[in-house]
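Down below is the structure, laid out as structure tokens.
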Amino acid sequence: MFTVQFWKQAAERGVKTFAQALAAVLTIDVLTTGNLLGPALATAAVAALLSILTSLGSDLVGEPGPSLVAVDVEPPVLTEDLGEDGDDTDGSLS
């Protein structure tokens, strides 16, 4: 919990949650009243804070880090796109 990587990941989750909550509240607001920016920002801020607090709780309960599950990220495997006949030509002149 006291690593830079943990706080980067927790902050990313908080920012995403803020943006999602703000977008949701503003969307509903525009469809209904159209004048509640203050409450929308407050709701988004509380959602972001709750996201960061759940990241802290997740670190204490699950694997180390802001998520309850361990995340093993493998680099993507780059492959060539082969044509239907198995060769790497697409019939164009290059």
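Over region 8-61, the pair-distance histogram of Cα-Cα distances with 10 Å bins from zero comes to 29, 42, 21, 8, 1 percent, rounded to whole numbers.
Between Ala45 and Leu60, the distance separating the two model label sites (each 7 Å from Cα on the Cα→Cβ line) works out to 2.5 nm. Measuring r between the beta carbons of Val77 and Val4 and using R0 = 25 Å, the FRET efficiency lands at 0.30.
No lab work stands behind these numbers, since they all come straight from the coordinates. Values in this document were obtained by computation on a predicted structure and should not be read as measured data. Ideal geometry is used to build each Cβ from the backbone, glycine not excepted, and the neighbour counts take in all protein chains shown.
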